[in-house]
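Read-outs: derived from the displayed coordinates by stated rules, not from any lab. Values in this document were obtained by computation on a predicted structure and should not be read as measured data. All Cβ positions, even for glycine, are placed from backbone atoms using ideal geometry, and neighbour counts span all protein chains on display.
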Amino acid sequence: MSDEEMNIDDAAGGSGGGALRKKGRGFKSRGQADTREAEEEYDRLETKDTSESQRAARSVEGWIVMVTNVHEEATEEELNDKFADFGEIKNLHLNLDRRTGYVKGYALVEYETHREAKAAIDGLNNTEILGQVVSCDFAFVRPPAGGPRGGRRGERKRSASPGRR
């Protein structure tokens, strides 16, 4: 967009040689300071419930439960028997180590509904399967409400660079 196309008004209101007042996105108004504090803050939806059910995020397919500390000789059938008590399992991944052929130590169990996944987590977290206590939690969780920086603007999480001489 050229200067001719931009909306430019005379300050005096006529065609006199007075100062020009420019309107538009890139021009600051008279009362607005040139600092970041003067920028408009956006409204944010506040959540009332910050429990674990609000933290969980649904994947593209469904609700995925990550099971850790799985015994190295566990089979999909054994895990399917345990987790099927809490709802219909859409998918179960039990990754194997290529070199040894044993289970890597974790499994991913996918449920259709949040209720089934939450019931499985509540029912099997810190329980023993094949002699090992397994931990269960949602595989995908939402970040905290403040965002990746924890809600602090302008604050660095690392040390400042040394000043120039």
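Per-structure values
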| read-out | value |
| --- | --- |
| Dimensionless Rg ratio for the range 55-153, taking C-alpha atoms and the 2.2 N^0.38 Å reference | 1.18 |
| Pair R99, Q132: separation of 7 Å Cα→Cβ label points (nm) | 1.7 |
| Cα centroid separation, the range 77-92 to the range 96-145 (Å) | 11 |
| Virtual spin-label span in nm between A84 and L108, 7 Å along Cα→Cβ | 2.2 |
| Extension gain (nm, one decimal) between E76 and N125, 0.36 nm per residue minus Cα-Cα | 15.9 nm |
| Calculated SAXS-style log₁₀ I(q)/I(0) at q = 0.21, 0.29, 0.35 Å⁻¹ - the range 59-100, Debye, Cα scatterers | -0.78, -1.24, -1.45 |
